[in-house]
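Peer 1: Okay, handing you the structure first.
The values are calculated or read from the model by the stated rules, or taken from the named source; none is laboratory data. Quick caveat: nothing in here was measured; it's all calculated off a predicted structure. All Cβ positions, even for glycine, are placed from backbone atoms using ideal geometry, and neighbour counts span all protein chains on display.
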Amino acid sequence: MRAVVQRVKSASVSVDGSITGEIGKGLLVLFGAEDGDVQEDMEYVVKKCVDLRIFCDEQDKMNLSVKDIDGEILAVSQFTLLAEIKKGNRPGFTRAMKPDTAEKMYEEFCHRCALATGKETKKGIFGADMKVELINDGPVTIIIDSRNKI
């Protein structure tokens, strides 16, 4: 399971010109489920996302989590995070989880983030052609991969 976490001042996702999710200060999380991912992978990625200390404290040190700042999370499904690009220039996606299972993982990810933060996780629409807008703060961008947790 992979997540690209961006610290944002604001972010939104829209489908066909209508906003489906929008946040102020918090995290934009691009989420991708890989074939073979299990509950342990989900728990690891959720915990890392909500506990990452990437927001600044009073001394301007990255020492606070999205929970600490009462921030929001916008989660966007993105199977292209699992692209294979070792051979040639056209990405392959055979490592990406099949859509029906991946959608369940995405929904579970959003639900668990909401439980961990006590706030609704805003989201896009799984499998849709989405447009994402954000104001990246920093910029701060962190990649989380449950296959590289040790």
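Peer 1: Within the range 118-132, track down each residue that is buried (at least 21 other Cβ atoms within 10 Å of the Cβ) and either assigned to a helix (DSSP H, G or I) or touching an Asp or Glu at 6+ places or on another chain (Cβ under 7 Å) (or both).
Peer 2: Once the filter is applied, which keeps residues that are buried (at least 21 other Cβ atoms within 10 Å of the Cβ) and either assigned to a helix (DSSP H, G or I) or touching an Asp or Glu at 6+ places or on another chain (Cβ under 7 Å) (or both), the range 118-132 yields only K122.
Peer 1: So is I142 in contact (Cβ under 8 Å) with a residue 24 or more places away in the chain, within 25 Å of V15 (Cα to Cα) and of a type in the set (A, V, I, L, M) or not?
Peer 2: For I142, the condition - in contact (Cβ under 8 Å) with a residue 24 or more places away in the chain, within 25 Å of V15 (Cα to Cα) and of a type in the set (A, V, I, L, M) - is not met.
Peer 1: Give me the pairs, please: first residue somewhere in the range 101-128 and under 16 Å from G36 (Cα atoms), second residue anywhere and of a type in the set (A, V, I, L, M) and assigned to a loop (DSSP other than H, G, I, E, B), beta-carbon distance under 6 Å, and either six or more positions apart or on two chains.
Peer 2: So the pair list comes out as A102/A33; M105/A33.
Peer 1: Hey, another quick one. Sort through R90, R95 and tell me the only one that's more than 22 Å from R7 (Cα to Cα), modelled with pLDDT under 95 and in contact with a helix residue (DSSP H, G or I) (Cβ under 6 Å, 6 or more places away or on another chain).
Peer 2: Exactly one of R90, R95 is more than 22 Å from R7 (Cα to Cα), modelled with pLDDT under 95 and in contact with a helix residue (DSSP H, G or I) (Cβ under 6 Å, 6 or more places away or on another chain), namely R95.
Peer 1: Take the range 88-106 and flag every residue that is in contact with a Leu (Cβ under 6 Å, 6 or more places away or on another chain) and part of a strand (DSSP E or B).
Peer 2: Within the range 88-106, just A96 meets the criteria.
Peer 1: Which pairs turn up if I take residues in the range 70-87 that are over 15 Å from V29 (Cα atoms) and part of a strand (DSSP E or B) and look for partners that are among the polar types (S, T, N, Q) and modelled with pLDDT under 95 with beta carbon separation below 8 Å, at least 6 apart in sequence or on another chain?
Peer 2: Final answer for the pair search is E84/T94.
Peer 1: Does N89 count as out of contact with any Cys (no Cβ under 9 Å at 6 or more places or on another chain), polar (S, T, N, Q) and either exposed (fewer than 12 other Cβ atoms within 10 Å of the Cβ) or over 23 Å from F126 (Cβ atoms) (or both)?
Peer 2: So N89 fits the description; yes.
Peer 1: Residues of the range 33-68 being in a loop (DSSP other than H, G, I, E, B), under 16 Å from the mean Cα position of the chain (by Cα) and either farther than 20 Å from A114 by Cβ or of a type outside the set (S, T, Y) (or both), which ones?
Peer 2: The answer is A33, D37, L52, R53, I54, V66, K67.
Peer 1: Which condition does Q39 not pass, out of (1) loosely packed, with under 13 Cβ neighbours inside 10 Å; (2) in contact with a Cys (Cβ under 8 Å, 6 or more places away or on another chain); (3) not hydroxyl-bearing (S, T, Y), if it passes all the others?
Peer 2: Every listed condition holds for Q39 apart from (2).
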